[in-house]
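In what follows, a structure is listed as structure tokens, so that the remarks can point back to it.
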Amino acid sequence: MPDLSEDLRLPEACPNCGSHLYRVSGAHNPDDKVVCASCNHHLCSYEEAAKMLKEGSSSESEALIEKVVNRNDK
Ligand SMILES: [Zn+2]
């Protein structure tokens, strides 16, 4: 089985290393684990991450970066 994980950028920084880049399974199940791409810290479920993205970012520039990084999902 190939690794189908995808990169995901979230407004929430990793509490461990401060990175905004996370990794999630390409299956996008609501209870899939979202882990930090740098240190593998388990942040939340995909359901929570999707909610975070839907609610939007605190800043416009951050929203723009997320749009660029996450555009492969579309
Ligand atoms: Zn981290």
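Below are the figures for this structure:
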quantity: Number of the exception - Arg23 against (1) within 16 Å of the ligand (Cβ to nearest atom); (2) more than 14 Å from Glu6 (Cβ to Cβ); calculated: (2)
quantity: Residues (out of contact with any Phe, Trp or Tyr (no Cβ under 8 Å at 6 or more places or on another chain), hydroxyl-bearing (Ser, Thr, Tyr) and in a loop (DSSP other than H, G, I, E, B)) located in region 1-33; calculated: Ser5, Ser19
quantity: Residues being under 10 Å from the mean Cα position of the chain (by Cα) and not in a helix (DSSP H, G or I) - total across region 34-68; calculated: 7
quantity: Selection within region 38-56 - over 18 Å from Lys67 (Cβ atoms) and not charged (D, E, K, R); calculated: Ser38, Cys39, Asn40, His41, His42, Leu43, Cys44, Ser45, Tyr46
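Here is a yes/no grid of residues against (1) surrounded by fewer than 12 Cβ atoms within 10 Å (Cβ to Cβ); (2) more than 14 Å from Ser5 (Cβ to Cβ); (3) in contact with a Ser or Thr (Cβ under 9 Å, 6 or more places away or on another chain):
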residue	(1), (2), (3)
His28	no, no, no
Lys33	no, no, yes
Ala37	no, no, yes
Ser45	no, yes, no
Ala49	no, no, no
Met52	no, yes, no
Glu55	yes, yes, no
Ala63	no, yes, yes
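Rule-based calculations on the coordinates, nothing more; no lab input. Keep in mind it's a predicted model, so treat the numbers as computed, not measured. All Cβ positions, even for glycine, are placed from backbone atoms using ideal geometry, and neighbour counts span all protein chains on display.
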